[in-house]
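Student: Next up is a structure, given as structure tokens.
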Amino acid sequence: MNAEQRKAELKRIQDSTQPCMTGITLTYHGERTTFNAYRIPLSILTYNPYNGRIGSVVKSYERQNHPLDPDSPADVALIEKFLWESKVEANERTKQSLLEDHQQRYGIVTADGKIIDGNRRASLLNRIWRDDSVAANLKQHTQFFEAIILPIDADRKEILRLETTYQMGEDAKVDYGPIEKYLKAGDLAGEGFSNNEIANFMGVKLADVKMYLDVLKMMDEYLDTYGYTGIYTVLDTREDSFQKLDSALRGYAAGGVSKMWGYDIEADVSDLKSIAFDYIRLGLDQQDSRDIIRKPSKNNTDASFFSNEEIWRQFADAHFETVEGVREKSVDEIIRDNPGGDVGRLLRARDNAWKEAVGEKLNENFLRSRDKLNNKQQAAEPIKLLQKAWEAISAVDTSQDSFKDDPGIKEYLDEIAKKVKEYGEILR
């Protein structure tokens with residue numbers, strides 16, 4: 001059934017059947033308008049593949065494969081899979097409720113049958129109907145979706161407004177994935193909605209919308225850096241890292257950060273972003289990543305690697321020396337060389353190969369720099385530093401062959417001896 005056929009069938013339902021709900025008031029094109037809801041066969045409706053609940057998964061899939069067609073049975077199965085996997089436990093509960101208590105809340109569909117609000121519920125009704133373990137007499141109602149049918153004049157902007165208002169407002173009882181709100185804000189901004197309008201649609205503060213758009217830009221830069229443009233699923237679990245990085249970079253780029261060395265607001269801040277991206281890719285703990293980027297304060301001038309010029313220069317030089325020699329195949333090359341392969345698995349393998357090549361050195365560089373930072377912070381408490389030094393030296397295993405064979409051992413021992421002599425002179 002094509003769009004015109006669906007439109008004709010929905011018009012027939014409106015003209016010849018009794019509504020199942022009446023007097024439903026919605027804001028439509030800026031005015032409060034009363035609608036009725038009708039009992040519509042699910043067989044004449046289509047999913048919205050860009051449903052906000054699964055936006056990151058759909059965009060990622062389409063970047064790696066092909067645009068999803070809601071009229072293709074194979075793609076319909078994928079959309080239903082994405083919707084189910086978005087919140088399995090919540091879907092199990094809703095599925096049981098739909099079976100036992102029937103549909104409690106109306107959905108919204110366009111005049112040509114696209115589901116604007118209720119994709120998840122519609123997919124669960126379809127799932128129940130196909131479940132042979134459920135007796136036929138118990139599931140007859142799951143062939144139908146109760147929904148408002150929008151007028152023909154519903155344009156793309158109005159549909160987006162309704163979709164967002166109901167998906168991320170009233171229908172937000174099931175939480176969306178952490179990346180979805182950024183993508184939704186970006187989609188709405190791309191359609192010309194103001195930040196105030198987006199905040200109203202999404203039910204959030206104006207400052208939140210600005211943050212969503214700023215962080216989305218940062219996420220897109222990250223994806224572009226590694227050739228993952230549009231593959232938003234690689235950002236899972238990394239939301240907080242991008243929020244903190246965006247905030248720190250904005251502060252540094254604006255200049256005038258108190259208690260800071262004279263860093264270059266373009267070159268040095270660009271290096272900071274590049275290094276932070278690498279550690280996000282490496283999977284550094286979000287709390288640890290703050291040691292790289294944290295802005296200094298009046299009471300903590302050595303707050304991070306970047307806030308101390310000496311530590312930063314050594315850290316950055318060692319970092320770029322490690323990563324600049326690594327060469328990777330592009331994502332397009334990998335997909336081309338592995339036709340029919342699981343793209344998600346191939347990309348994880350690409351990331352793992354990169355981590356294997358640089359991970360040990362990057363972690364060593366991070367830990368070494370954090371020790372330097374901690375030492376700076378404890379400089380006013382020499383006894384603590386001397387205790388740490390004693391514990392470190394006492395832990396050296398002199399039975400290892402490397403203790404005798406590594407020329408660096410003698411060099412460090414000579415330097416330590418000089419320091420001990422220097423401190424001893426001070427105490428005389």
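Student: So which helices (runs of 4 or more DSSP H) stay within segment 42-118 end to end and still have 1 or more residues that are at pLDDT below 90 and not hydrophobic (A, V, I, L, M, F, W, C)?
Tutor: Where helices (runs of 4 or more DSSP H) fall fully within segment 42-118 and carry at least 1 residues being at pLDDT below 90 and not hydrophobic (A, V, I, L, M, F, W, C), they are 55-64, 73-86.
Student: In segment 131-159, which residue that is among the charged types (D, E, K, R) and exposed (fewer than 11 other Cβ atoms within 10 Å of the Cβ) is farthest from residue 190 (Cα to Cα)?
Tutor: 132
Student: OK, next. I'd like the residue in segment 152-169 that is acidic (Asp, Glu) and either at pLDDT 90 or above or assigned to a helix (DSSP H, G or I) (or both) and, out of all such residues, is nearest to residue 55 (Cα to Cα).
Tutor: The extreme case among them is 163.
Student: Within segment 278-293, track down each residue that is surrounded by fewer than 18 Cβ atoms within 10 Å (Cβ to Cβ), assigned to a loop (DSSP other than H, G, I, E, B) and either touching a residue at least 12 places away in the same chain (Cβ under 8 Å) or of a type in the set (Ser, Thr, Tyr) (or both).
Tutor: Passing the criteria: only 283.
Conditions (1) among the small types (Gly, Ala, Ser); (2) out of contact with any helix residue (DSSP H, G or I) (no Cβ under 8 Å at 6 or more places or on another chain); (3) surrounded by 11 or more Cβ atoms within 10 Å (Cβ to Cβ), marked per residue:
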position	(1), (2), (3)
340	yes, yes, no
362	no, no, yes
369	yes, no, yes
375	no, no, yes
427	no, yes, no
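Student: Then there's this: Could you list, ordered by first residue, the pairs with Cβ atoms under 8 Å in which the first is in segment 44-66 and over 14 Å from residue 344 (Cα atoms) and the second is of a type in the set (Phe, Trp, Tyr) and part of a helix (DSSP H, G or I), at least 6 apart or interchain?
Tutor: What qualifies is 54/82; 55/232.
Student: Cβ-Cβ below 9 Å, separation at least six or inter-chain, first residue in segment 380-405 and closer than 26 Å to residue 424 by Cα, second assigned to a loop (DSSP other than H, G, I, E, B): which pairs?
Tutor: 384/378; 385/378; 385/379; 388/378
Student: Could I ask something else about it? Which one of the conditions (1) among the β-branched types (Val, Ile, Thr); (2) farther than 26 Å from residue 372 by Cβ; (3) in contact with a Lys or Arg (Cβ under 7 Å, 6 or more places away or on another chain) does residue 198 fail to meet, given that it meets all the rest?
Tutor: Of the numbered conditions (1) among the β-branched types (Val, Ile, Thr); (2) farther than 26 Å from residue 372 by Cβ; (3) in contact with a Lys or Arg (Cβ under 7 Å, 6 or more places away or on another chain), the odd one out for residue 198 is (3).
Student: So, one more: What single numbered condition from (1) β-branched (Val, Ile, Thr); (2) under 24 Å from residue 287 (Cα atoms); (3) touching a residue at least 60 places away in the same chain (Cβ under 8 Å) fails to hold for residue 331?
Tutor: Result: residue 331 fails condition (2) only.
Student: Can we say residue 274 is among the hydroxyl-bearing types (Ser, Thr, Tyr), out of contact with any His (no Cβ under 9 Å at 6 or more places or on another chain) and either assigned to a helix (DSSP H, G or I) or in contact (Cβ under 8 Å) with a residue 24 or more places away in the chain (or both)?
Tutor: Spelling it out, it is not the case that residue 274 is among the hydroxyl-bearing types (Ser, Thr, Tyr), out of contact with any His (no Cβ under 9 Å at 6 or more places or on another chain) and either assigned to a helix (DSSP H, G or I) or in contact (Cβ under 8 Å) with a residue 24 or more places away in the chain (or both).
Student: Can you confirm whether residue 242 is in a helix (DSSP H, G or I) and in contact (Cβ under 8 Å) with a residue 12 or more places away in the chain?
Tutor: yes
Student: Please indicate, with yes or no, whether at least one residue in segment 259-268 is touching a Pro at 6+ places or on another chain (Cβ under 8 Å) and either of a type in the set (Lys, Arg) or assigned to a helix (DSSP H, G or I) (or both).
Tutor: Checking segment 259-268: at least one residue is touching a Pro at 6+ places or on another chain (Cβ under 8 Å) and either of a type in the set (Lys, Arg) or assigned to a helix (DSSP H, G or I) (or both).
Student: Here are the criteria: (1) farther than 27 Å from residue 289 by Cα; (2) surrounded by 10 or more Cβ atoms within 10 Å (Cβ to Cβ). Tell me which single one residue 395 does not satisfy.
Tutor: Of the numbered conditions (1) farther than 27 Å from residue 289 by Cα; (2) surrounded by 10 or more Cβ atoms within 10 Å (Cβ to Cβ), the odd one out for residue 395 is (2).
Student: Is segment 185-205 home to any residue that is part of a helix (DSSP H, G or I), in contact with an Asp or Glu (Cβ under 6 Å, 6 or more places away or on another chain) and within 25 Å of residue 36 (Cα to Cα)?
Tutor: Within segment 185-205, none of the residues are part of a helix (DSSP H, G or I), in contact with an Asp or Glu (Cβ under 6 Å, 6 or more places away or on another chain) and within 25 Å of residue 36 (Cα to Cα).
Student: Looking at segment 208-242 only, could you name the residues that are surrounded by fewer than 17 Cβ atoms within 10 Å (Cβ to Cβ) and of a type in the set (S, T, N, Q)?
Tutor: Within segment 208-242, 225, 229, 237 meet the criteria.
The values are calculated or read from the model by the stated rules, or taken from the named source; none is laboratory data. Please read these numbers as outputs of a predicted model, since none were measured by experiment. Don't worry about glycine lacking a Cβ; one is built from the backbone with ideal geometry, like all the others, and counts go over all protein chains shown.
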